Amino acid sequence: MNTFTLITALVTISALISYINNRFIKLPGTIGVIVVSLLLSVLILLTGKIFPDAFTFIKDLTNGIDFTGVLLDVMLGFLLFASALHFDVNKLREQRYPVLVLSTIGVVGSTFVFGFLLHYAAEMLHIDLPLIYCLLFGALISPTDPVAVLSILKKSKVPSSLETIIGGESLLNDGTGILLFVILKEVAEQSHAHVTLAHTAEVFAQEVFGGILLGVVSAIVAYQTMKRVDDFQIIVMVSLSMVMVISVLGAMLHVSIPLAAVSAGLILGNTSLGARQSEEMQHYFHNVWSLIDELLNTILFVMIGLQIVIMPYFSHYWLIGLLATLFVLIARALSITVPAAVLKRTLDMNYNSIAILVWAGLRGGISVALALSLPDSPYKETILSASYFVVLFSIIVQGLTLKKVVDRFA
């Protein structure tokens, strides 16, 4: 199946699934899309022997898509830039301390709490899962997914301050998550690897500060270009080109593409394009990126739903998947509650706010993509399947019930 056929099939299936959800099921956008995608995948699996051509087509389609590469190297930059473009920097500045703590201490704490809980449970159940792989699993599943979080928050009536904290955390915790994932992955691949503080600092500086610098420079260049023209087509093309350049240079320089895209989006989204552009033109510019955001979100969640077709071992790990889902919630609760108690005056969080923050910490496609990027080992299938359990529970169950949790605790 060639590239154009793959894209055609994926876009067509996404359009069909969106139509079915909108016309008949009527669930909130992204949640409905992933639910219909899952139902379609399960139906194809159950009827595989009756309709082998349909099963083969979907399997070839899903196998033909490099999920990790497409998401992390291509789609993620566009999705995060579009999300950050509509994010209010002033609100983020007001909630900078909770966002900073949750996106650093919170991720590290959640990773280790989750890792030790899972390792202990695996030993009790006589499941072979070394501690280093439990921690690696914790590193890829602990950061909240900005794509999933921000798409669900649009439909939920979360208080403004909490919405800023949740959204800001999801946009900025990528740096901590990447650092932990890279270091722990290196240790897992080479049992003799010696991780030093200097090496950790070097990786952190390169990924995080390098990504932010790339985003800032790209945004400045794009801004200086866009403010000198009054042609809407050129403005949109420059912004598209900027995100593509960020993705290409980010991969070449080994810096964080997500942080670069977020930095660029925050700058351009909170800066007027210039005197040459009318308010109407700037409004259209934001609408174009909202449309790109919605389209790519739909395609991404369809891709997540269809992944089950190529996971024949998915049913083998339901117990560890359920435990991982429970431990993720426990780890997030502790990683928020402990800093909130220690830094009570700084963070100013009550237990109602913490309950909402815990339930709104959604995981999404990034966790699945990172799990797929793990090196081949006897533990990869376990981690990948359990990650899929956590993501599905997070998006469907937490996403659908978030409004009720907000109404209860707000």
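The values are calculated or read from the model by the stated rules, or taken from the named source; none is laboratory data. Keep in mind the model is a prediction, meaning the values are calculated, not measured. Quick reminder, even Gly has a Cβ in these numbers, built from the backbone with ideal geometry, and neighbours come from all protein chains shown. The area values use the complete protein model at the heavy-atom level, side chains included, leaving out ligands, DNA and RNA. Shrake-Rupley method; radii C 1.70, N 1.55, O 1.52, S 1.80 Å.
Can you give me the Kirkwood hydrodynamic radius for the stretch 194-263, using every pair of distinct Cα atoms, in Å to one decimal?
12.9
Work out the length of the dipole vector of the stretch 67-409 about its Cα centre, built from +1 on the beta-carbon of each Lys and Arg and -1 on the beta-carbon of each Asp and Glu, and round it to the nearest 20 debye.
800
Based on the Cα coordinates of the chain, what is the per residue volume of their convex hull in Å³?
Taking the convex hull of the Cα positions in the chain, it is 152 Å³ per residue.
Starting from the residue with the highest accessible area, list 266, 131 in decreasing order, probe 1.4 Å.
If we order 266, 131 from most to least accessible, we get 131, 266.
For Cα pairs less than 8 Å apart in space and 6+ apart in sequence, what is the mean separation divided by the residue count of the chain, i.e. the relative contact order in percent?
28
Counting only protein chains, not ligands or nucleic acids, how are 317, 388, 133 ordered by accessible area (probe 1.4 Å), most first?
Order by accessible area, largest first: 317, 133, 388.
Taking the stretch 67-409, how many lysine pairs are there with alpha carbons less than 25 Å apart, if each pair must be eight or more places apart or span two chains?
The number of close lysine pairs in the stretch 67-409 is 13.
Please list 284, 120 in order of solvent-accessible area, largest first, computed with a 1.4 Å probe with all protein chains present.
120, 284
Could you give the distance between the Cα centres of the stretch 199-236 and the stretch 1-60, to the whole Å?
36
Please find, in a Gaussian network model of the chain (springs between Cα atoms separated by less than 10 Å), the residue of 377, 218, 37 whose mean-square fluctuation is greatest.
Maximum among the listed residues: 377.
Over the stretch 158-256, what is the relative contact order in percent, taking alpha-carbon pairs closer than 8 angstrom and at least six residues apart?
Across the stretch 158-256, relative contact order equals 29 percent.
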